[in-house]
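The values are calculated or read from the model by the stated rules, or taken from the named source; none is laboratory data. This structure is a prediction, so every number in the text was calculated from the model and none was measured. Please note: Cβ atoms are built from the backbone with ideal geometry, for glycine as well, and neighbour counts cover all protein chains shown. Side chains included, ligands, DNA and RNA excluded: accessible areas come from the protein's heavy atoms. Shrake-Rupley method; radii C 1.70, N 1.55, O 1.52, S 1.80 Å.
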Amino acid sequence: MSARTLPLLFINLGGEMLYILDQRLRAQNIPSDKARKADWIEEDRRRVMNDIITTMFNKKFLEELFKPQELYSKKALRTVFDRLAHASIMRLNQASMDKLYDLMTMAFKYQVLLCPRPKDILLVSFNHMDAIKDFVKDTPSILSQVDETYRQLIEMYTPLTSGEFQLIRQTLLIFFQDMHIRVSIFLKDKVQNSNGRFVLPTSGPVPHGTQVPGLIRMFSCTGEEVNRLQFNNGGSYSAAIREGSFEIFGDRVTKLGTNMYSVTRPVETHMSGTSKNSTQHTKVNAAPNPLAKEELNLLAKLMGGLEVQKPGNTVDSGFRVNLFATDEEEEEALISRPDELSYGVINIQATKDQQTNAELAKIMGEFTESGDQSPSASSKGDDLLAMMDGL
Amino acid sequence: MYHKEKSIQIKNSASSLYNNLGVLRIAPRRLTYFTVVHANVVNMVSASWDGLNYSHRQLQSKEPNVATSTSLIMQAAFCALPSRDLLVVTSQKGIQMYESDGSIMVYWHALDTPETSTAQAVFARGITAVWENYICVGVSSGVILVFDVPSKGSNITLSEVLEEHKESITDMASECSGSQECIADLVSADDGGNLCVWKSGEEFQLLNKIPGFDMSCSSVKLWKGTVVAGYGTGQIRLYEAVTGILHAEVNAHARWIYSLDIAPFSGLLLSAAEDSLVRVWHLTLTPETNSVEVAHLHNECVTDTQICGAKFCDGDGYAFAVTGYDLSEIIRYTQS
């Protein structure tokens, strides 16, 4: 549908990823947590954040991202984020990466679903961009990279009409369709139901430009108002509040897209696969995607711009971050994760597609190489990323 | 006034698209067909009136010749012509016309798609049958394609291209009262909220243009010479079609309206929006004074559901059906 959707999807998911990683990196930096192999120090946290943000806003990568194109499949996008999460010295294993991706996607689905007007998706994106700028405020070189993207976003999106924004929103909603993973922070805040559906309030301020429902006005042929009737709107709405700012600096008014995690509100998930009600909704189209090859090519082009720092063989590399409270919980999550929730990261097969293009081959090389080196890590799943943990 | 009936389960959930519910009554067989779009699939259910039999069918969006490509579907709608009923499915690639039971594809029209992706999306959306033999389909470029449909067979031809809209077509409707007195028999709406009023025939004639206000008109209906239009602001407006005189303005919903429908025999109007509410209204036309009255009758809240399709199941508005984003069922309501 809308060919302008990918940049917003990437930036908002990336923003959510940074919120979660930042919170986890801070949480794991507690001295009393003796179980950790290496405690994170403030400098490491900053390094990871800076590395990932630098990679996210890489010029070549963004050039590809901003080209008009259809959305990738869930699998393909997950592959991009796997790579992005490993752009620094930090390592996540399969279970933690799954959890991270669940949290990111459900958070952005919530924001897309709840944003009052389709155009407000841009304000949600600006909230993420503002927070990203704050993460790198002490590093001018990265900050200018982020600012450049900010200008690009404003230039591309602010002229769009309400209808074009609605098409973007509908494209995103198709992307997130049938995902009903329960997230504890949403359940606690009572914005998500136990079946994984989000709560849609029938109260509060109406969107900017909308009148509170409840009035019928009738006019004569000369345009005079001849009758006025009230009706019960079935909710308890109030008048619209001021519109958020679409400038590079300003008050976005909406809280959607701001950081919802803190030390007192940590990152946690429940998996919905155990709920009978929700499994019924998590149907994955099992038919082979005929576009897979074309998509791989696009993906390869896009990922060609993602410069990933390969972990060296030195001891100080390979900091591991856990999205669970303990290592045992993490292992348990990996084993108990229902199949229908498995993302099955794209396994690029060198033999089949060798002729496609050099860029792709290069990326494939990077993936398979690390896989061959550590076959022993297979106890935690055969995924390549899990194997990277062993490095 | 209305109460909830047993829902109809569908194979996939509904996507968030305007007017995402098609309903066709097959009175002689005591059946109703329903269609709901899910990404690149049309879910079709044939439901017997006694509620005992449901049969399902899925239609994929696929060009007949290029087996290697699928595209997202924008809308599926039944077109009832005097001689035959067809199911029309529009997507990013083109327009498919099926026999009303979905069994046979009788026609395929490919949209002009550029070689490389452009920022301007390409799709068809807005479907209606008009007069004896025409099916009109809107396109994202703003043009309207008019197809001439023979009373049987697959010799469907593109007979005219109407170029009045500058923005993507959102919805189209033909006069639903069956009255022969109305001069205007077709209305089209676009993403800027502009409405065009047409007289169909061998050559379609533009009768009037009603300017918008930079807000999408997502759903439109035409009843007894009155245009009923629903907007992204949650408003419903009623215009006299040929003059463009504004008869009524209703602050109807708190979010985008996704669907309107009219029960032509009773003058009941159904409106549904992202705010999870479906409302039923009553329209009264007084030709002597040339005035329209709108009365609110009923609210139905589908909790935590952004509604994307709502349609009456019969001409009197005795029953209606509703679909919502991420919902794998069609919810039905009947008058008590």
Where in the stretch B:222-336 are there strands (runs of 3 or more DSSP E), lying wholly inside it, with at least 1 residues that are of a type outside the set (Val, Ile, Thr) and closer than 24 Å to residue A:192 by Cβ? B:257-263, B:268-273, B:277-286, B:291-301, B:307-312, B:319-324, B:329-335
Which numbered condition trips up residue B:40, out of (1) open to solvent by 20 Å² or more (accessible area, probe 1.4 Å); (2) at pLDDT 95 or above; (3) touching a strand residue (DSSP E or B) at 6+ places or on another chain (Cβ under 6 Å)? (2)
Filtered residues of the stretch B:288-329 (kept if open to solvent by 50 Å² or more (accessible area, probe 1.4 Å) and away from chain A (no Cβ under 13 Å)): B:316, B:318
State whether one or more residues within the stretch A:142-154 are surrounded by fewer than 21 Cβ atoms within 10 Å (Cβ to Cβ) and part of a loop (DSSP other than H, G, I, E, B). no
Checking residue B:282 against (1) facing another protein chain (nearest Cβ under 10 Å); (2) open to solvent by 10 Å² or more (accessible area, probe 1.4 Å), which single condition isn't satisfied? (1)
Between residues in the stretch B:276-305 that are in contact (Cβ under 8 Å) with a residue 60 or more places away in the chain and residues that are part of a strand (DSSP E or B) and among the β-branched types (Val, Ile, Thr), which pairs lie under 7 Å by C-beta distance while being six or more apart or on different chains? B:283/B:292; B:283/B:294; B:285/B:226; B:285/B:292; B:292/B:226; B:297/B:280; B:298/B:280; B:300/B:278
Looking across the stretch B:186-221 at residues that are of a type in the set (D, E, K, R) and open to solvent by less than 50 Å² (accessible area, probe 1.4 Å), the single one that is nearest to the chain's Cα centre (by Cα) is B:221
Determine if the stretch A:234-243 includes at least one residue that is closer than 13 Å to residue A:117 by Cβ and either of a type in the set (Val, Ile, Thr) or open to solvent by less than 30 Å² (accessible area, probe 1.4 Å) (or both). yes
Before we move on, is residue B:198 of a type outside the set (Gly, Ala, Ser), more than 14 Å from every other protein chain (Cβ to nearest Cβ) and touching a Pro at 6+ places or on another chain (Cβ under 8 Å)? no
Exactly one of A:124, A:112, A:80 is hydrophobic (A, V, I, L, M, F, W, C), touching a Gly at 6+ places or on another chain (Cβ under 7 Å) and in contact (Cβ under 8 Å) with a residue 40 or more places away in the chain, and that residue is A:124
Residues in the stretch A:231-253 that are assigned to a strand (DSSP E or B) and either within 28 Å of the chain's Cα centre (by Cα) or more than 9 Å from every other protein chain (Cβ to nearest Cβ) (or both): how many? 2
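In contact with a helix residue (DSSP H, G or I) (Cβ under 7 Å, 6 or more places away or on another chain), at pLDDT 90 or above and open to solvent by less than 70 Å² (accessible area, probe 1.4 Å): does that describe residue A:260?
Yes, satisfied.
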